[in-house]
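Single-structure report; data block below.
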Amino acid sequence: MLEFFESNADNTDLPYFTAFARHMKQVATHTVRNIASWAGSLMLKHKHPDFVSDIFTLMETVDAMLLIGSADSSEQLYNLTDFLDLDMKGKVIIAAMLPKFTDGVTHINTFRVSQRLQNSHGYVTAGFNFKLDATKNYTVTTIPRIVFQGITSTLNRATKTESFLSGKALGDAAVLKGALDMLGAELNPSSDPVLASPEYRRTLAQALFYKFVLQVCPKAVDPVFASGGSELERPVSSGIQTYGTHKDEYPLTEPMAKRAAIYQTTGELRFLADERLLQDEVYAAFVISDVGNAKLDSVDASPALKMTGVYKFISAEDFPPEGENNFMPSSTYGVKEEIFSSGNILYAGQPIGLIVASDALTAETAASMVKVTYKDVQPPLLNLREAVEQKSFFTGVMPDPLVKGDPDGAISKSARRVSGSIECGAQYHFQLETQTARCCPADDGGMNVQATTQWIDGTAEIVAKVLNLPESSATVEVKQLGGAFGSKISRNFQVSGACALAAYLMQRPVRLQMDFHTNMKSIGKRFPFLANYEAGFTEDGKLNGVRIFFYGDCGASPNDNIIPFMYTWLDNAYFCENWNFTPQAVKTNKPSNTYCRAPGSVPAQFIIETIMEHIAKSLKMDPVQVRMANMYEKGQVTANGMKLDYCNIRPIVQQLRLTSDFDSRKEKVLQFNKANRWKKQGISLIPTRFGLAWQGAYFSVLVSIYHSDGTIAIEHGGIEVGQGINQKVSQVCAYELKVPLSLIRVKKASSIGNANSITTGGSITSELNALGVQKCCEILKARMAGVKERMVNATWQELVTQCYKQGVDLSARFYTNPHDKYDCHYNVYAAAVAEAEVDVLTGQSQLSRVDILYDCGESMNPDIDIGQVEGGFMMGLGYHLTEKMKYDPHTGVALTDGTWDYKPPLPKNLPIDFRIALLKDAPNPLGVLRSKASGEPPLVLTTSALFAIKHAAEAARADIQQDTYFPLNSPALVEDVQAACLVAPSQFVFKEPSA
């Protein structure tokens, strides 16, 4: 259909095809459009009247007719309204009849606004079809067509407004106002917890009508309002990556793709779910609760057990003697979390039991058939602010407040003060693979486990405790994961424990792969936060004292409590002599929230940057000026007590300010905003000081050289989750041993070869396992040195052979055990400039350009590190701009449990111009081979995008004399951005009021 519209766009009898083609490009993706059909979209609308069908909007706008055939071979034409009421049983849509318009006075356009720029159903779609006499102030000569979807399931046309406009001059300000008022009265959007708010959808519909009017009445419109008639134009994205490298150290510092990249991108790389079935292997699926605050009354699995292919239902009553119904390792965690509920239901999605069946579909279907009843059902507590008001707190899990100096006194004595509140939400770990485990009883009575876990040691401990086995009898192996982002540190313990129990009871291999929706319902997310703050400062914006009371939503358990970590990052890049950080762990009826890429640091730096923005606004200063006034210098001490012996944040910011042309671009933004009422731009510069902690990072690393051919195998304690750890350790090994990379292979990690290794996470796993490999290589070189000295110009193979003949041990092991004076081993410094453009009428935005300058030390592999910077930034864009979890307020069930309503960023969310630079000539004296980590610090830089959009909203508010401080919570979806701009239909005019 898109090709049809595009190929006939020049046909003057079909003047609307260009608009339809533009509209269709915003619908779904190439893949979906190639698979789906336009008739299928209409049938979805027919079956589900609340479905926002773009095809229906297009065809209803031009009054298309549908040719529908019946089983008796008869054919009949129907308009779209009659089609919706037609019984389609035994009927099929044969064709659509699209009209021609040859009068030259017909103006047709359509619009859609959605949560994400692509592959996202519309909040509201609109179509307008008007015949206008431009010589009579754009008089509407016939009854127009005004089509809306996304208002209610029954309203598709604004018929009252259509009648009102017939015969009136659309270019008349009074007529425009009357039409907007009529629309406001006629459109009464339905309310639903998963939809955009009714207020937004009504205002949006009015704004889209106004946008159309601005397009078709150009002579009536002042130039400052004209941009409201256009949509955001997005060219193809481009990127620039710059970095330094050292050829004399190759393959170390050499930019190259990871070895597995080609197999991963072609789909040839096999993850756990792709592994071939073992003999007698069966499948399992969780039975989960559908209420969030209750007690179990009864569980009846008989309907499920009657299904063919269903073998067993497993519950809390089926653990072996002395086996534990608890998936939290007692060696690390203090609060019990049950694998299967034994009575208390703490959140919707909580596993109650497990169905074992012959295949995955049968298991999942049977799980849905288990009948569960509840008693003592209470309303779930879901909202963080409400939970704080009710003092729903965990006790005994928080450290003492961090107090430095006298913040209360400093604030009270300050010339200027601000106080406020800010919130940031949850984020789902959107991996390639869900939580999965495969367990097989071992011949010796133990259990062999393959799991999508980031923490092999913890998984082995849980399997052992569940089955009452010695931990040495639980063997866990991991080859690679299809993404993790922290969700598979502790949350896979429940999956592996349940799977191991099923395998034990069935005495056959069991595979438990959570389906996507269950994964989203049952697994915790990134911690949401609420912060109340007060800051005192000078007239120049220099901080005197800061007090932050912050509340973290732990969900049902505080086990993965990341709140204390925030002490490291709450001051970000800013010095102040007086701080007070007071945390509180909040209990809600949601799955236990857990680690998510850059846990704690993302909300912490968002909070402090909000404070800096608030200070700047109160002083009417440039936010960059306020930030520079407080930025750390070498030798100063952080709020958490770390002396900054190596601090280069100021020169990084100054360099980025120059290379990004920040100051001249800021002036251009100001000029653009003066000239445009309905399009606004914003630009923001954000620094980061990201502390990396090494303390307690135990990793067991083994390097073995094979005497027969000189090849090398590495088995390290980290998990390849897509971050390129295997590539980096291979490059380090090749550099240290001076051998080709082709000789090196990285083997899967296991609880045998890598026992007692901690979890993969915190950005440090790659560098510390690289350190382990480096130390192993040093051990091997020392052992081989005596043999090498007695040989002349020996090849690597000759040296290895001779060492073997002389009994030299060609395997070396090293166990990392770093100790630090401070909580952090070193800091990563970076800065980002983001420039955004906002369509004020709709709240839609796009990033025109992003510049990042990142201190990666001497990057071990610039290609991988730049990829981490880009990927981390994009994940942060989702967190701040597109991803939002929503729950049923009555049951607590996650409503955004799939891709229909939960929207991580896609390619069209990329900055149009994306420039990444790794700081050159900046070796890290505290890093492994002079490098720095890159996995998590880039994510915090995405506050620059949120604040760029906020600055654009500030410009819109300034046009209506409302240029005062306001908080912009995260995530800021399109409806939040439009609300921040204080858009109201009373502002929808042709000319300035004074004109």
By how many nm would the segment from D400 to L77 lengthen if fully extended, with 0.36 nm per residue of separation less the alpha-carbon distance? 108.9 nm
What's the center-to-center distance, using Cα atoms, between region 165-183 and region 808-887 in Å? 50 Å
Go ahead and run the numbers for FRET between S7 and A257, Cβ-Cβ distance against an R0 of 30 Å, rounding to 0.05. 0.20
The alpha-carbon pair-distance distribution computed for region 393-548, with 5 angstrom bins and whole-percent values, is 2, 9, 14, 13, 11, 9, 8, 7, 7, 7, 6, 4, 3, 1, 0
Excluding residues fewer than 8 places away in the same chain, name every one of the lysines whose C-alpha is closer than 21 Å to that of K100. K131
For the chain, accessible area per residue (1.4 Å probe, heavy atoms of protein chains only), Å²: 38 Å²
Taking a spot 7 Å from the Cα of L670 along the direction of its beta carbon, which residues of region 608-625 have an amide N less than 17 Å from it? 616-625
How many angstrom lie between the C-alpha centres of region 257-308 and region 904-973? 36 Å
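Which of the peptides 283-296, 945-958, 226-239 is most tightly packed, and how do the rest follow, going by the mean number of other Cβ atoms within 10 Å of each residue?
945-958, 283-296, 226-239
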Distance cut-off 18 Å, Cα to Cα: go down the list K247/K781; K590/K884; K25/K884; K521/K886; K295/K488; K488/K903 and report the pairs above it. K247/K781; K25/K884; K295/K488; K488/K903
Using the beta-carbon distance between I143 and W900 and R0 = 41 Å, what value does 1/(1 + (r/R0)^6) give for FRET efficiency, to the nearest 0.05? 0.70
With the dipole of the chain defined by +1 on each Lys or Arg Cβ and -1 on each Asp or Glu Cβ, the option from A36, T253, I652 whose Cα lies farthest towards the positive pole is I652
Kirkwood calc, region 913-995, C-alpha pairs only, radius in angstrom 16.6 Å
Specify the angular offset, from 0 to 90 degrees and rounded to the nearest 10, of the alpha carbon long axis of helix 725-737 from the longest principal axis of the alpha carbons in the chain. 40 degrees
Check the straight Cα-Cα distances from K634 and name the lysines below 23 Å, setting aside those fewer than 8 residues away within the same chain. K404, K542, K643, K821, K920, K932
At q = 0.11, 0.16, 0.18, 0.24 Å⁻¹, what is the base-10 log of I(q)/I(0) for region 107-218 according to the Debye formula with one equal point scatterer per Cα and no solvent? Please give it to two decimals. -0.34, -0.69, -0.85, -1.37
Given a 1.4 angstrom probe, I'd like the percentage of the accessible area of region 675-714 that is carbon and sulfur, rounded to a whole number. 54 percent
Expected unfolding gain across E577-S421 under the 0.36 nm per residue rule, minus the alpha-carbon gap, is 53.9 nm
Please provide three numbers in whole Å: the alpha-carbon extents of region 192-238 along the principal axes, with the largest listed first. 41, 36, 15
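Tell me the volume per residue, in Å³, of the convex hull enclosing the alpha carbons of region 1-68. Don't skip to the end; give the middle numbers.
Values: hull volume 6.6 nm³, N = 68.
So the per-residue hull volume is 97 Å³.
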Region 226-301: proportion of alpha-carbon pairs further apart than 15 angstrom, %: 82 percent
Taking the dipole about the Cα centre of the chain, with the C-beta of Lys and Arg at +1 and of Asp and Glu at -1, give me whichever of H707, F83, Y551 is farthest to the positive side. Y551
Kindly provide the trypsin sites (Lys or Arg not before Pro) of region 66-154 that DSSP labels as loop, not H, G, I, E or B, and whose Cβ sees at most 13 other Cβ atoms within 10 Å. K89, K100
Roughly how many debye, to the nearest 20, is the charge dipole of the chain about its Cα centre, given +1 on each Lys and Arg Cβ, -1 on each Asp and Glu Cβ, and no other charges? 1160 debye
P(r) histogram, all alpha-carbon pairs of region 577-734 included - 10 Å bins from 0, percent: 7, 22, 25, 23, 15, 6, 2, 0
If you average the sequence gap of Cα pairs under 8 Å that are 6 or more apart and divide by the length of the chain, what percent do you get for the contact order? 13 percent
A 1.4 Å probe over the protein heavy atoms gives region 77-232 a carbon and sulfur accessible-area percentage of 54 percent
Using mean Cβ contacts within 10 Å as the protection proxy, how do 266-273, 470-477 order, highest first? 470-477, 266-273
Check: C-alpha center region 734-803 vs C-alpha center region 484-500, spacing in Å is 31 Å
Given 0.36 nm per residue, what is the gain on full extension from T711 to K100 after removing their alpha carbon distance, in nm? 212.8 nm
Between the Cα axis of helix 943-958 and the main Cα principal axis of the chain, the angle (0 to 90°, nearest 10) is 20 degrees
Between 0 and 90 degrees, rounded to the nearest ten: what's the tilt of helix 649-659 against the longest Cα principal axis of the chain? 40 degrees
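The values are calculated or read from the model by the stated rules, or taken from the named source; none is laboratory data. No experiment lies behind these values; they were computed from the predicted model shown. Methodologically, a virtual Cβ is constructed for each residue, glycine included, from the backbone with ideal geometry; neighbour enumeration extends over all protein chains shown. What goes into the accessible areas is simple: the full protein's heavy atoms, side chains included, and nothing from ligands, DNA or RNA. Shrake-Rupley method; radii C 1.70, N 1.55, O 1.52, S 1.80 Å.
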